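Student: The structure is given below, and queries will be raised subsequently.
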Amino acid sequence: MKWTDDKVNELERLTEKGFTAKQIASIMEISVKSAEEARHRYGILGNGDWVKWGDDKVNRLQELVYKGFSNEAISKILSKEFDESIEGKSVENARQRHGVLKHCLEKDSEIKLYDKAIHLRPDNYMVCCDHHSPYHSERWINRSLQIADVMGIEKCIIPGDLIDNDFIKFYPNPRVEDNSTFDREAKGTRPVFEALDYFKEVILIKGNHEDRVNRATDGKIQARHLFEIIGREIWERKFRYSVYDKLFVGDKWIIVHPRSYSQISASVAVRLAEKFHRHVLNAHGHFFAMRYDRSGQYMGVDLGGMYDMRKVGYVNLKTTTHPLWNNGFAVITADNKVHLFHENTDWKYYGVD
Ligand SMILES: [Fe+2]
Ligand SMILES: [Fe+2]
């Protein structure tokens, strides 16, 4: 029969209504073969019994597309291989229907994606870092607990260097008469764990000092193994640990223990704020500072730290031009405000000794 526009439109209408080839043939008073050929020829797709492409045909289609064959060439190959009439238009429709694209790379499902940094919901958080336990400051930890108590803070974020891992560092220890051991560090760190047990949850991210054990043992022993030895019960009950050196809070904050360092306080924090378009709470530098970035939108905060500088050998035994350190910590609130605590904070205002 001659396929006029009216006939093709009728064929399309019936196909869209879900009629099978046999039903269409009956309605239009034509043979099933004629209906089938016309649907292929005019690229009319439907849910009919003979339109559906099975996995084997789709896979072969994908293969031929990757090899660079045209739709016309593919139609000939598939017609022959599957022993049926497949037009070029039908191939084109099948490619669209099954998402078979010429430049579509298959996903490598086995390759690791580094997109697992922690994202926390906005909430009230104590943020304190760089305890360098057992060289921590009891005074500053006590201050942070008092502030948490006064402000009703139940969650604590520690952006790295909770433990010093002095015993496993690579470079020579200047305190040759007083080399550190893991036993001593573990004993000195346990009280810090007990203090942190005050919080309902502690979120720790990895600093370069946590990383020391990993580097020294070629990854065979991780900081988390040491933390388990130091205080397994509190570690398992309270801590959440990330090997990423950053975490995100809502869409306003990034809290980080970066590889970057500058002797200019707030410099790294502000540059990270400009990079991530978030307020930055920055550990690692051991300075206390706050400065807005160039846009005037984002704060770069150096958090100071919870160390006791008098306990850190290399700072005191070796003299450099590096700036001295400041203690400090911060509280961020669910409504994205920040409270900064440092040596010149009016502690009495907060009801703290
Ligand atoms: Fe540090
Ligand atoms: Fe650090």
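The values are calculated or read from the model by the stated rules, or taken from the named source; none is laboratory data. Everything quoted here is computed from the prediction, not taken from an experiment. Neighbour counts run over all protein chains shown; Cβ positions are idealised from the backbone, glycine included.
Student: If you go through the stretch 97-111 one residue at a time, do you hit one that is of a type in the set (Val, Ile, Thr) and surrounded by fewer than 11 Cβ atoms within 10 Å (Cβ to Cβ)?
Tutor: yes
Student: To continue, here is another question. Of the numbered conditions (1) within 27 Å of residue 278 (Cβ to Cβ); (2) at pLDDT 95 or above, residue 116 satisfies every one except a single condition; which is it?
Tutor: Only one criterion is unmet by residue 116, namely (2).
Student: What single numbered condition from (1) within 27 Å of residue 318 (Cβ to Cβ); (2) within 15 Å of ligand 1 (Cβ to nearest atom) fails to hold for residue 127?
Tutor: (1)
Student: Residues that are within 16 Å of ligand 1 (Cβ to nearest atom), at least 2 per element: which strands (runs of 3 or more DSSP E) completely within the stretch 169-281 meet that?
Tutor: Here the list reads 201-205, 253-256.
Student: Are there any pairs with C-beta distances below 8 angstrom linking a residue in the stretch 306-334 that is closer than 30 Å to residue 248 by Cβ and part of a loop (DSSP other than H, G, I, E, B) to a residue that is among the β-branched types (Val, Ile, Thr) and modelled with pLDDT under 95, with the two at least 6 apart or on different chains, and if so which?
Tutor: Listed by first residue and then by second, the contacts come to 325/315.
Student: With 207, 231 as the choices, which residue is at pLDDT 95 or above and within 16 Å of ligand 2 (Cβ to nearest atom)?
Tutor: Step by step, each of 207, 231 is checked, and only 207 is at pLDDT 95 or above and within 16 Å of ligand 2 (Cβ to nearest atom).
Student: Next question. Mind listing whichever residues of the stretch 290-305 are in a loop (DSSP other than H, G, I, E, B) and away from ligand 1 (no atom under 13 Å from the Cβ)?
Tutor: The answer is 293, 294, 295, 296, 297, 298.
Student: What do you reckon, is residue 130 assigned by TED's automatic domain parsing to the domain that holds residue 343 and modelled with pLDDT of 80 or more?
Tutor: yes
Student: Shifting gears a bit: Between 39, 60, which is surrounded by 15 or more Cβ atoms within 10 Å (Cβ to Cβ) and at pLDDT 90 or above?
Tutor: Answer to the check: 60.
Student: Still on this structure, I have one more. Contact list please: Cβ distance under 6 Å, first residue in the stretch 124-153 and under 24 Å from residue 208 (Cα atoms) and without any contact (Cβ under 8 Å) to a residue 24 or more places away in the chain, second residue among the aromatic types (Phe, Trp, Tyr) and within 15 Å of ligand 2 (Cβ to nearest atom), pairs at least six apart or on different chains.
Tutor: Nothing qualifies.
Student: Another question, then. So which of 329, 287 ends up being more than 24 Å from the chain's Cα centre (by Cα), within 13 Å of ligand 1 (Cβ to nearest atom) and buried (at least 23 other Cβ atoms within 10 Å of the Cβ)?
Tutor: One residue alone meets the criteria, 287.
Student: So in the stretch 253-273, with the set limited to residues that are surrounded by fewer than 16 Cβ atoms within 10 Å (Cβ to Cβ) and of a type outside the set (Ser, Thr, Tyr), which one is nearest to residue 121 (Cα to Cα)?
Tutor: Only one residue tops the list, namely 259.
Student: Now a separate question. Could you tell me whether residue 154 is more than 16 Å from ligand 1 (Cβ to nearest atom), out of contact with any Lys or Arg (no Cβ under 6 Å at 6 or more places or on another chain), at pLDDT 95 or above and more than 29 Å from residue 261 (Cα to Cα)?
Tutor: no
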